[in-house]
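Remarks on the structure that follows.
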Amino acid sequence: MKRRRILIVGGVAGGASCAARARRLSETEEIIMFERGEYVSFANCGLPYYVGNVIKKEESLLMATSEMFRQRFEIEVRLQSEVIAIDRENCRIEVKDLRAGETYYETYDVLVLAPGARPIKPPLAGIDLPGIFSLRTIPDSRQIKARIAEFKAQRAVVVGGGYIGMEMTENLRKLGLTVTIVEMQPQVMPLLDPEMAAPIHDELLKHGVVLRLNETVVGFEHNGDRSISVQLNSGQVEKADLVILSIGVRPETELAQDAGLKIGSRGGIEVDDHMRTNDPNIWAVGDAVEVRDIVTGHWGVIPLAGPANRQGRIAADNIMGRDRSFRGVQGTSVVGIMGLVAAFTGPSEKTLRHMAVWDETAQLEKVYLHPAQHAGYYPGSNAISLKLIFSKGDGRIISAQAVGGEGVEKRIDVISMAIQKNATVFDLEEAELCYAPQFGSAKDPVNMAGMVAANVLRNDVQVSHWEDLEKEKIMVLDVRDPSEYKNGHIDGSVNIPLNDLRKRMGEIPKDREVWAHCLEGQRSYYAARVLSQYGYEIKNLSGGYKTYTFRAATGSK
Ligand SMILES: Cc1cc2nc3c(=O)[nH]c(=O)nc-3n(C[C@H](O)[C@H](O)[C@H](O)COP(=O)(O)OP(=O)(O)OC[C@H]3O[C@@H](n4cnc5c(N)ncnc54)[C@H](O)[C@@H]3O)c2cc1C
């Protein structure tokens, strides 16, 4: 049998998993992986924690070495070797040996592109000044550590409040630096809905982080003491010993583009569901490619390690003659922020509305709940704030977001799988999940989310939402205890504790809608069940006072 030559560009998540899988499926092919950097298969996701000294040794970031690829898989790895051109006509690539400075050609039968995405670096004045860093590689993290040590750095500015911004903030705080986050959106973690990001703002402020929201950086200047002045559009200036740029990444598509491969409208390499480009001999995987969102059907670029690894494996399967399709993505993600965990799967409400997937005609609904992550009687129980979006028509789950402590990601993972399998809120109701008091509840938060949503679909209760409070002429009924009411309440609300409801029902008007709420939505659900049976027009304010206070923290009215 002819020994095919498989050349792979990029040797980290997508490239390395493709190479290893290809070898597991075939002992006959020649496989060569080209990596521009000094390391193959390193843990880029661990870099912020290496900067923060949580991961102590640089070697721990190396998942595999060139030597290991050679010995275990008979895969040749060429480090510091940049592929600079693809000659599709002659099926060959041009490689620059970055150490020797020489270029040479290698022919291929199959070419796999896994070049990833590079951090966005806007053309701002002073952007190249020493002390301003992006984080993508081990040498980047080494330089950040060196800067902190050399300057005995005390102040950092993190530009961009996404995942990497959050992780760097946490780690720089761990090292004792003060951190200011500059974010152009009104919230950090822009992929979350604003009310779900509100607890993250609280957590950051609690840990002394300064938030400059709705601000953009317009330039950088060096000061006499070699610190950096970060100039903001508001005219404010933040002084820092180091700056981390974490404003997103852009697919590395130059190589593909120059070779005439199709680039999609969102800026990634276009591939079919087999991960094949428009050239039958060329495949592409990872951050560099466009992927289809399985919920909205829209194409986009979603830079995550899980999809990159799975795509590498699927490409290898197809290259070896199997028929495997990539299902698409939901963007399922998790991030740790100091003591908090935030996770989500599927598009946010904001995104759905922006895409006009959620408009007046769309039959979508949402519920909020704040169940404990494990039985309340077992020590250490904490609330998970959960938002579930679903179709009002058939109950299909669209997306979920959760913020809390322990157990957040477990719930989002379960819901993520449910979304992949086109499940409904009724399936969440019935999901059989493991339980012991230290791990969950007999009615797990996932079951609870399903039950709360199913109650709405079965018309057991109607829900209303905090953002509509001011639009409607309604009576707001607070069924918490008077002591809770005294500690804070919605302006104009009337307090009738749940236990007094039947005897004080005469105080509730029947000529207008009543929106009941408690702290989290459970007692007011009971109230709604009672009142609806007495002919009141009653809705449960979803998520209760807790979700209402999240809204307050977003600054929205
Ligand atoms: C700091 C950080 C933290 C992250 N944390 C998480 C996380 O917690 N969870 C998560 O899901 N994702 C995380 N990610 C994203 C995740 O690492 C990426 O989605 C994933 O690595 C993408 O894999 P890839 O193979 O497409 O690209 P990469 O892993 O970036 O690999 C691409 C490689 O190709 C090489 N290359 C590019 N062009 C060429 C060329 N012309 N010739 C030769 N080599 C080339 C590059 O040097 C690079 O090493 C993080 C990323 C970073 C930077």
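The values are calculated or read from the model by the stated rules, or taken from the named source; none is laboratory data. Keep in mind it's a predicted model, so treat the numbers as computed, not measured. Here Cβ is always computed from backbone atoms with ideal geometry, including for glycine, and neighbour counts include all displayed protein chains. What goes into the accessible areas is simple: the full protein's heavy atoms, side chains included, and nothing from ligands, DNA or RNA. Shrake-Rupley method; radii C 1.70, N 1.55, O 1.52, S 1.80 Å.
Brief remarks follow.
- Count - residues of region 400-415 that are touching a Phe, Trp or Tyr at 6+ places or on another chain (Cβ under 7 Å) and over 14 Å from Tyr368 (Cβ atoms): 1
- Only one entry in Arg72, Arg3 is open to solvent by 20 Å² or more (accessible area, probe 1.4 Å) and at pLDDT below 95, namely Arg3.
- Given (1) within 16 Å of the ligand (Cβ to nearest atom); (2) of a type outside the set (Ser, Thr, Tyr); (3) out of contact with any strand residue (DSSP E or B) (no Cβ under 9 Å at 6 or more places or on another chain); (4) farther than 28 Å from Lys262 by Cβ, number of the condition Asn44 does not satisfy: (4)
- Pairs are defined by a Cβ separation below 6 Å, a sequence spacing of at least 6 or placement on different chains, a first member in region 104-132 that is without any contact (Cβ under 8 Å) to a residue 40 or more places away in the chain and on the phi < 0 side of the Ramachandran plot, and a second member that is within 14 Å of the ligand (Cβ to nearest atom) and part of a strand (DSSP E or B); the pairs so defined are Tyr104/Val95; Tyr105/Glu94.
- Check on Arg529, of a type outside the set (Phe, Trp, Tyr), over 20 Å from Met196 (Cα atoms), outside any helix (DSSP H, G or I) and open to solvent by 40 Å² or more (accessible area, probe 1.4 Å): no
- Test: residue in region 389-400 that is without any contact (Cβ under 8 Å) to a residue 40 or more places away in the chain and outside any strand (DSSP E or B): yes
- All of (1) within 12 Å of the ligand (Cβ to nearest atom); (2) in contact with a helix residue (DSSP H, G or I) (Cβ under 6 Å, 6 or more places away or on another chain); (3) closer than 20 Å to Asp287 by Cα hold for Arg36 with one exception: (2).
- Test result for Ala372, under 20 Å from Ala197 (Cβ atoms) and open to solvent by 10 Å² or more (accessible area, probe 1.4 Å): no
- Pair list, Cβ < 7 Å and 6+ apart or interchain, from region 80-92 residues that are closer than 16 Å to Thr253 by Cα to residues that are of a type in the set (A, V, I, L, M) and in a loop (DSSP other than H, G, I, E, B): Glu82/Leu98; Ile86/Ala259; Arg88/Ala259
- Each residue in region 444-468 was checked for being touching a Leu at 6+ places or on another chain (Cβ under 8 Å) and either of a type in the set (S, T, N, Q) or in a loop (DSSP other than H, G, I, E, B) (or both), and 4 pass.
- Criterion (in contact with a Leu (Cβ under 7 Å, 6 or more places away or on another chain), open to solvent by 30 Å² or more (accessible area, probe 1.4 Å) and touching a residue at least 12 places away in the same chain (Cβ under 8 Å)) met by exactly one of Asn281, Asn309: Asn281
- Residue satisfying all of: in region 150-179; surrounded by 23 or more Cβ atoms within 10 Å (Cβ to Cβ), away from the ligand (no atom under 13 Å from the Cβ) and among the β-branched types (Val, Ile, Thr); nearest to the chain's Cα centre (by Cα) among these: Val159
- Single residue of region 322-350 satisfying the filter (touching a Ser or Thr at 6+ places or on another chain (Cβ under 9 Å) and over 24 Å from Thr169 (Cβ atoms)) that is surrounded by the fewest Cβ atoms within 10 Å (Cβ to Cβ): Glu349
- Inside region 191-215, residues that are away from the ligand (no atom under 16 Å from the Cβ) and open to solvent by 10 Å² or more (accessible area, probe 1.4 Å) make up a count of 15.
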